[in-house]
Every structure is written in C-alpha cells, then in structure tokens.
Amino acid sequence: MSLSWIDEYINGVIEYCSSRDIFEIYDSLSINIRKVDKDDLLLRGNDAVYVRNFLGIEAVFIRDDLPLQYEKFVLAHELGHAILHVEIATAAYSNKLINRGKLERQADYFAIKLLDIKLDDVYHYELTARQIAGGLCVSEVSLEYIK
C-alpha cells in the first residue's frame, strides 16, 4: 500500500509552519511538549503519547531521557498521529477495531519524510538494521521508508 498520499500533508505542514524543524513546527501549531519520567504511567510504556483534550488543547508527553535526535524522530512520529489520525481520538467505535499497525506505519512514514532522513549507501553499506536505526536515531521498523 502506497503511503505517498501523506507527502501532501507533510508539504502542507512545512509550508504552513515555514519550517522543517520539529520544535518550530510544534511551536507554530501550538502543540505543547511535556517531558516526563520514562516510568510515568501516562506513557504506558511508550516513548511518547499524543493527547488532544475536549477543549482542543494538544500536547505530546515524551520521555525526558531520550537523545535529542531520537526525540526529534519521536516528536515527528507523534505529529504524524496528530495530523493524520484526527478521527481516531473521537471515534465512537471500539478501540479493538482500529488497525494500530497501519497507523504506526503511517506515523513512521510521516516522521521519516518530514525530517528528511536519508540513507548513505556508502556509509550504511553492510551495517545491520539495528546499527542503521541507531545511527540515524529512528526506529528499526521505520527504516523501510528511508531511501
């Protein structure tokens, strides 16, 4: 399944915010970033969680111990959820019916493309997926969207 439809959203965000910098984008969109302890119950074992309340206030709660480059990837991933999955937060149907894998892939694609992360064929040649993901500060599963 092609995810290229997401490119239009990414281009719109960059144009609207006049930036590709994730912190400037969050500021421009008035989405709060709140750093919390990795063991905070709000995170439910995740690196971050995006929250939109009934007043329309938006925030991302993110672990306070992430390296900066990986933090940027996680914030871009959560922004992907905020922009691409608006209807999920207000869905009246059961959470069990939501295809979480598909939503995570879409958010990963959004993050990779927004941050313009690319492979260096010479440098990354013969490295494992884990090594490449660690060097690029992205999740291993998101590597399939990097060219």
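Laid out as a table, the results:
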item	result
Residues located in segment 22-70, provided they are touching a residue at least 40 places away in the same chain (Cβ under 8 Å) and in a strand (DSSP E or B)	Ile31, Ile33
Conditions (1) at pLDDT below 95; (2) farther than 21 Å from Asp108 by Cβ: number failed by Lys35	(1)
Boolean, Glu58 is at pLDDT below 95 and among the acidic types (Asp, Glu)	yes
Search result, residues across segment 114-147 that are surrounded by 12 or more Cβ atoms within 10 Å (Cβ to Cβ) and part of a loop (DSSP other than H, G, I, E, B)	Leu115, Ile117, Leu119, His124, Leu127, Cys137, Val138, Ser139, Ile146
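The values are calculated or read from the model by the stated rules, or taken from the named source; none is laboratory data. If you're wondering where the values come from, they're calculated on a predicted model, not measured in any experiment. Heads up, the Cβs are rebuilt from the backbone with ideal geometry, glycines too, and the neighbour counts pull from every protein chain shown.
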